[in-house]
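So the structure is just underneath, and the comments pick up after that.
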Amino acid sequence: MPSCPAFLVAAPASGQGKTTVVAALARLHTRLGRRVSVFKCGPDFLDPQIHAVASGRPCQNVDAWMCGDADIAWRLAEAARVSDLILIEGVMGLFDGSPPAAELATRLGVPILAVIDAFGMSAGFGAVAYGLKHYRPGTPVVAALANRLGSPRHAELVEKSLPPDVAWYGYLPRDIDGAMPERHLGLLPAAEIDRLSDRIDRMAAHLAKTDAAKLPPPVRFADAPPPEFPRLLEGKTIAVARDAAFCFLYPANVDCLARLGASLIHFSPLSDAGVPPCDALWLPGGYPELHAPALASNRNFQREVRRHADAGKPLLAECGGMMPLFDSMTLADGQEFAMAGVLPGKIVMGKKLFGLGMQEAHLPEGALRGHAFHYSRCETPLLPLTVSERPDGRPGEAIYRRERTTASYMHLYFPSNPETAARLFLRDSNQGSGIRKQASGNRKQIS
C-alpha cells in the first residue's frame, strides 16, 4: 500500500480561504523541494487551475458521486507513489454536501486541517475548531490554521483558544495583495489573475514564518489499479478548444482521452484562424460570453465548425462550448452577437443561476456522469435527444444531438465511463461495442 503525508483542508463554510491556504501550502512545500500533489473535492474547474500553478502539477478532482470510489482510490494511490505531500481541498463547509468532505476524509483515513477565518475572533476560534472535531464523532480534525489575522498578538490569542486535541498549524495575516479575485462562477481562471504566482509566493512566505512547513502524518492509501481504458480512439486526432474562453477542462478528461488512444491538438477559437485538421472536435466549457465579440468576428472558426458538423464528424460541446454553436448569443446587457449556427436558436445570458448540480446523462453511447453550473439559458426549437437525471431522479439538462454533434450544459466526467466517452468522439458510435463495459464499481458512490 503506498504511503504519503496528506491533509484534507476543510473549513466551517465557503469563503473561509481554503483555496488560498492550499495554494500557499503547495507552494511552500514545493519551495522546500517536495513534490506536492493537489486534489479538489467536487466538480470545480477554477480552484484546480490555481493549485496547478502553485504546485507545478495538474490538480485532479475527487467526488464520491461523479468520480466514484474506484476512480478516487487509484488516483490517490498513484499520487502517493510519487509525492512527498498530498493536499485535498474540500468543498463548501466540512459537513456540507452529500456526501460531505468530512465523510470522504473519514473513509480515506486522511487527517483534516481546518481553515478558520479568524477575523474579528479570538477565543471563539477554539470553539469553532472544537465543534468541527466533535460535531460528528470520529471526524479526523487534527489541526487548525487561522486565516485573516490582524497581528502576531492576534495569532497568540487564537492559538491559546484551541482545545488540546486540535494542533496549531499556523496562520495567514490579512493581506489584500495576496487575495484571489472572484467572478460569478467563483474565483477567476488562473490565466486571468494578475500576478497569480506572485500572490501565491506572498502567501507562502507568510506561512513559512509559522508552523505550516511541517509535514502531516503519512497516510496509507489502498493499492488500487487504474480502470480499463479500451483503445477505441487509437489513431484518432481530437482538436480541443483551449484558451481564455474555453478553459474548463478536467485534467482527468484530457488524460482519459490520451489513455483511450487519442492524439490531442489544442487550438484557440479566439486567436487561431480556424479548426485544425482532426477526426473529432471538443469544445469544453468556459467564459465565451466574455469574448463574444472576438468569437463573432472569427468567421473562419464559425465556418469550419459548421463544415465539421455538416460532414457528420463527431463534435462534443459542453456548457460554454455549446453556446457558440447556436445562431446567436445575447449578453446580459442586451448586446447580441452572431454565432456559428450549427444549432438553431439562441443563448441568452442572465444575472441569476439557471442550472446547478450533479447529473447523469443516458446517451445512445452509454451513461456518463458530470455536473452543470450556468448563468445562461438556451432558447431553441430543437427537441432534445434526452434529458439528464439528477441523483434524486429529477430532470436535469437537455442534451441536443444533430448528426454526430452532441451539445449540452452538462460538463461530462469522462472517466465515469471511458468507453462511452470514447464513442462520443467516433463517427460510428457502435465501434468497439464488443469490448466489455467498464465495471460499474468505477462509478459507485463511497458509502
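Every number here is computed from the coordinates shown, using simple stated rules; none is lab data. All of these numbers come straight from a predicted model, not from anything done at the bench. Because the Cβ atoms are built from the backbone with ideal geometry, glycine has one as well, and the counts that use them run over all protein chains shown.
Counting helices only, and only those DSSP H runs with n ≥ 4, report the 222 nm mean residue ellipticity of the chain as the sum of -39,500 (n - 2.57) divided by its residues, in deg cm²/dmol to the nearest 500. Dividing the helical sum by the residues of the chain leaves -7500 deg cm²/dmol. Relative contact order of the range 3-220: what whole-number percent is it, with Cα pairs under 8 angstrom and at least 6 residues apart? Averaging sequence separation for qualifying contacts and normalising by length gives 27 percent for the range 3-220.
Mind running the shape call on the range 198-242? Use the C-alpha gyration tensor, a ≥ b ≥ c as the square roots of the eigenvalues: rounded below 1.5 for a/c, prolate if a/b tops b/c, oblate otherwise. Judged from the Cα gyration tensor, the range 198-242 comes out oblate (a/c at least 1.5, b/c at or above a/b).
Of 51, 308, the sequence from fewest to most neighbouring Cβ atoms within 10 angstrom is 308, 51.
Among 389, 379, 78, the largest mean-square fluctuation in a Gaussian network model of the chain (Cα springs under 10 Å) belongs to 379.
Taken one residue at a time, the phi angles of the range 371-381 give Karplus couplings (6.51, -1.76, 1.60, θ = phi - 60°) of 8, 9, 6, 8, 10, 10, 10, 10, 10, 8, x Hz. Gly and Pro are set to x. For the chain, what is the relative contact order in percent, using Cα pairs closer than 8 Å and at least 6 residues apart in sequence? Contact order relative to length: 16 percent. Were the residues from residue 192 through residue 352 laid out at 0.36 nm apart, the gain over their Cα-Cα distance would be 55.3 nm. Using a Gaussian network model of the chain in which every pair of alpha carbons under 10 angstrom is joined by a spring, one finds that among 381, 391, 48 the greatest mean-square fluctuation is at 381.
Considering the options 414, 424, 309, tell which one lies farthest towards the positive end of the dipole of the range 237-431, charges being +1 on Lys and Arg and -1 on Asp and Glu at the Cβ, about the Cα centre. Ranked along the dipole, the leading option is 309. Convex hull volume per residue, computed on the Cα atoms of the chain, equals 139 Å³. If you take the Cα centroid of the range 117-172 and the Cα centroid of the range 201-218, the two points sit 16 Å apart.
Rounded, prolate or oblate: which fits the range 24-132 when a ≥ b ≥ c are the square roots of the eigenvalues of the alpha-carbon gyration tensor, with rounded for a/c under 1.5 and prolate only if a/b beats b/c? The shape class here is oblate.
Count the lysine pairs in the range 108-237 whose Cα atoms sit under 25 Å apart, keeping only pairs 8 or more residues apart in sequence or on different chains. So the count of such lysine pairs works out to 4.
Spin-label model, residue 213 to residue 392: label points 7 Å out along the Cα-to-beta-carbon direction sit 4.9 nm apart. Summing +1 for each Lys or Arg and -1 for each Asp or Glu, what net charge is found among the other residues whose Cβ lies under 12 Å from the Cβ of residue 117? My count for the surroundings of residue 117 gives +3. Computed on the range 77-196, with alpha-carbon pairs under 8 angstrom and 6+ residues apart, the relative contact order is 20 percent.
Let me spell out the model: positive unit charges on the Cβ of Lys and Arg, negative unit charges on the Cβ of Asp and Glu, origin at the Cα centre of the range 90-248. What dipole size does that give, in debye rounded to 20?
I would put it at about 200 debye.
Here the Gaussian network model covers the chain, with springs between Cα atoms less than 10 Å apart; of 12, 43, 415, 12 fluctuates the most. With both residues required to sit in the chain, DSSP beta bridges show an antiparallel share near 45%.
Need one word for the range 3-220: rounded, prolate or oblate. Basis is the Cα gyration tensor (sqrt eigenvalues a ≥ b ≥ c); a/c below 1.5 gives rounded, then a/b vs b/c decides. Because its axes are fairly even, with a/c under 1.5, the range 3-220 counts as rounded.
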